[in-house]
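The values are calculated or read from the model by the stated rules, or taken from the named source; none is laboratory data. It should be emphasised that the depicted structure is a prediction, and the values quoted were computed from it without experimental measurement. With ideal geometry, Cβ positions are generated from the backbone for all residues, glycine too; neighbour counts draw on all protein chains shown. Protein only, heavy atoms only, side chains kept; ligands, DNA and RNA dropped before computing areas. Shrake-Rupley method; radii C 1.70, N 1.55, O 1.52, S 1.80 Å.
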Amino acid sequence: MRSSNPVFSRRGFSRDSGGYAGFNAAPQAGAPTANPYAGGNPYAGGNPYANNPYAAGQQDLQYGAPPQAPAQTGRMTMDDVVSRTGITLGVVVVAAIAAWSMNLPWGAGVAAGLVAMVLGFVQAFKAKPVPALIIGYALFEGLFLGVISKAFNYLADGAPVQAVLGTMAVFAGVLIAYKTRLIRVDRRFYRFVMAAAIGFVLLMAVNLLFSVFGGGDGLGIRTGGLGIVVGIIGVLLGAAFLALDFKQIEDGIRYGAPREESWLAAFGLTLSLVWIYTEMLRLIAILNDN
């Protein structure tokens with residue numbers, strides 16, 4: 001299971017006609033089961049867990065043979081995901097509070113953000129999760145968020161608190177929509193979010209270049225009415241990332257992914273929540289300025 005954020009995702013959705021294996025009916029005896037963990041590519045064959053004793057029962061079902069009782073230890077569970085996510089988010093929050101309290105300078109915050117980005121990309125291209133990298137990412141990301149949160153607080157008093165509440169509301173809303181099937185996470189949804197995310201990131205990169213070399217507000221897409229529209233789009237993209245995270249967590253548990261994959265689930269959720277929080281901060285600052 002890879003992080004379901006489109007920038008980092010390598011594995012995720014089944015090839016069945018329904019589009020999402022997590023909610024399909026139980027497979028008929030002798031019929032192959034669509035397994036989202038059937039390869040490094042989300043839509044390719046080959047099973048990286050072929051030698052995994054925890055997947056034995058699943059393989060028996062595919063050939064209509066009486067299933068052998070698989071070992072239950074070493075498989076990812078919801079408790080694993082919750083505990084790992086609690087650790088990573090806890091590190092982010094503690095680091096952010098420390099950066100705020102110590103009045104870290106803007107330069108230190110930017111440096112921490114760059115380090116967090118590098119660690120995130122290194123983990124993204126690792127074959128297996130490395131907890132030290134994920135915790136390191138959370139630490140430096142937290143320092144970065146603490147610095148920018150205090151800066152935004154000067155622009156709009158109380159903006160960080162509002163952004164935290166807004167992020168929690170988005171998380172709860174997406175979780176409810178996902179559980180009640182209001183959001184259908186399938187390959188079409190994945191492709192749409194991937195395309196939208198790439199376009200959004202490229203637009204932000206161009207805007208940053210214009211602001212650095214041209215001065216001012218760059219393309220002007222982070223201020224005024226246009227800035228509000230872009231901020232809302234950013235929050236909606238973050239919500240879509242969360243839906244992808246929920247889908248891959250569900251599939252990972254359903255198909256017996258190794259317990260270590262819970263670190264990648266926590267990594268993906270942390271990335272999504274950080275994205276939503278930063279977009280909320282910008283949006284609230286623009287609304288207060290207006």
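When L119, L139 are checked against the criterion of being free of Cβ contacts under 8 Å to residues at least 40 places away in the same chain, under 30 Å from A257 (Cβ atoms) and touching a helix residue (DSSP H, G or I) at 6+ places or on another chain (Cβ under 9 Å), a single residue qualifies: L119.
When the criteria are applied in full, D251 fails the requirement of being under 20 Å from A169 (Cα atoms) and touching a Gly at 6+ places or on another chain (Cβ under 6 Å). Per the conditions (1) out of contact with any helix residue (DSSP H, G or I) (no Cβ under 6 Å at 6 or more places or on another chain); (2) open to solvent by less than 10 Å² (accessible area, probe 1.4 Å), the sole criterion not satisfied by S272 is (1).
Restricting attention to the stretch 75-109, which residues are assigned to a helix (DSSP H, G or I), open to solvent by 60 Å² or more (accessible area, probe 1.4 Å) and of a type outside the set (D, E, K, R)? M78, V82, I87, V93, V94, I97, W100, S101, W106, listed by residue number.
Can you confirm whether the stretch 277-288 contains a residue that is within 19 Å of the chain's Cα centre (by Cα) and open to solvent by less than 20 Å² (accessible area, probe 1.4 Å)?
Yes - at least one qualifying residue is present in the stretch 277-288.
For R222, the criteria (1) open to solvent by 20 Å² or more (accessible area, probe 1.4 Å); (2) in a helix (DSSP H, G or I); (3) in contact (Cβ under 8 Å) with a residue 24 or more places away in the chain hold in every case but one, which is (2). Considering (1) among the hydrophobic types (A, V, I, L, M, F, W, C); (2) in a helix (DSSP H, G or I); (3) surrounded by 13 or more Cβ atoms within 10 Å (Cβ to Cβ), the lone condition that F213 does not fulfil carries the number (3). Within the option set L143, L133, being surrounded by fewer than 23 Cβ atoms within 10 Å (Cβ to Cβ) and in a helix (DSSP H, G or I) holds for one residue only, L133.
Condition test on M117, is it assigned to a helix (DSSP H, G or I), among the hydrophobic types (A, V, I, L, M, F, W, C) and touching a Pro at 6+ places or on another chain (Cβ under 6 Å)? For M117, the condition - assigned to a helix (DSSP H, G or I), among the hydrophobic types (A, V, I, L, M, F, W, C) and touching a Pro at 6+ places or on another chain (Cβ under 6 Å) - is not met.
Conditions (1) closer than 17 Å to T278 by Cβ; (2) modelled with pLDDT of 95 or more; (3) open to solvent by less than 30 Å² (accessible area, probe 1.4 Å); (4) touching a Phe, Trp or Tyr at 6+ places or on another chain (Cβ under 6 Å), marked per residue:
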| position | (1), (2), (3), (4) |
| --- | --- |
| D157 | no, no, no, no |
| V164 | yes, yes, no, no |
| A177 | no, yes, yes, no |
| R181 | no, no, no, no |
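Determine, yes or no, whether R188 is in a helix (DSSP H, G or I) and either of a type in the set (D, E) or in contact (Cβ under 8 Å) with a residue 24 or more places away in the chain (or both). Yes, satisfied.
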